[in-house]
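Q: Here it is, the structure in full.
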């Protein structure tokens, strides 16, 4: 049973459970449940968390350990990174990564939302 009243996303965790095939999972106390399995489990299975979001959708998240990792390709190149103000980053080979300037992009929207907020009841009293 989901018992939280405070949060829109409710969940419970259990130690049992397994993936039967691409369309079914097995959960303790519930039995076989239809599900869309996005990818096969790898490594050693630990637990499953079943969560319910505000839209009424259920999600099952499987926790696995000893998952084989994909190693990055080995290369002999090295690069230094200098973080700055004008350019977000400057690499030691001379490449500059520009600053995306998110505030400038959303400045008009921010001003509009702040005007809307200031007109709300209690905004002048600092509520």
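The values are calculated or read from the model by the stated rules, or taken from the named source; none is laboratory data. Keep in mind the model is a prediction, meaning the values are calculated, not measured. Neighbour counts are summed over all protein chains in view; Cβ atoms, including those assigned to glycine, are modelled from backbone coordinates with ideal geometry.
Q: Select the strands (runs of 3 or more DSSP E) contained entirely in the range 12-86, then report the ones holding at least 3 residues which are more than 30 Å from residue 98 (Cβ to Cβ) and either within 19 Å of the chain's Cα centre (by Cα) or assigned by TED's automatic domain parsing to the domain that holds residue 100 (or both).
A: Those strands (runs of 3 or more DSSP E) span 44-52, 58-65.
Q: Only one of 112, 124 is modelled with pLDDT under 85 and at negative phi; which? Step through it out loud before you land on a result.
A: Values: 112 fails: modelled with pLDDT under 85.
The match here is 124.
Q: I would also like to ask the following. Do we have any residue at all in the range 92-105 that's more than 28 Å from the chain's Cα centre (by Cα) and either within 30 Å of residue 46 (Cα to Cα) or part of a strand (DSSP E or B) (or both)? Spell out how you get there, then give the answer.
A: Just the residues of the range 92-105 that are more than 28 Å from the chain's Cα centre (by Cα), to begin with: 92-96.
Okay, now just the ones that are also either within 30 Å of residue 46 (Cα to Cα) or part of a strand (DSSP E or B) (or both), so 96.
Yes.
Matching residues to (1) more than 30 Å from residue 6 (Cα to Cα); (2) surrounded by 10 or more Cβ atoms within 10 Å (Cβ to Cβ); (3) touching a residue at least 60 places away in the same chain (Cβ under 8 Å); (4) out of contact with any strand residue (DSSP E or B) (no Cβ under 8 Å at 6 or more places or on another chain):
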{"residue": "26", "(1), (2), (3), (4)": "no, yes, no, no"}
{"residue": "43", "(1), (2), (3), (4)": "yes, yes, no, no"}
{"residue": "58", "(1), (2), (3), (4)": "no, yes, no, no"}
{"residue": "72", "(1), (2), (3), (4)": "yes, no, no, yes"}
{"residue": "79", "(1), (2), (3), (4)": "yes, no, no, no"}
{"residue": "89", "(1), (2), (3), (4)": "yes, yes, no, no"}
{"residue": "107", "(1), (2), (3), (4)": "yes, yes, no, yes"}
{"residue": "112", "(1), (2), (3), (4)": "yes, yes, no, yes"}
{"residue": "117", "(1), (2), (3), (4)": "no, no, no, yes"}
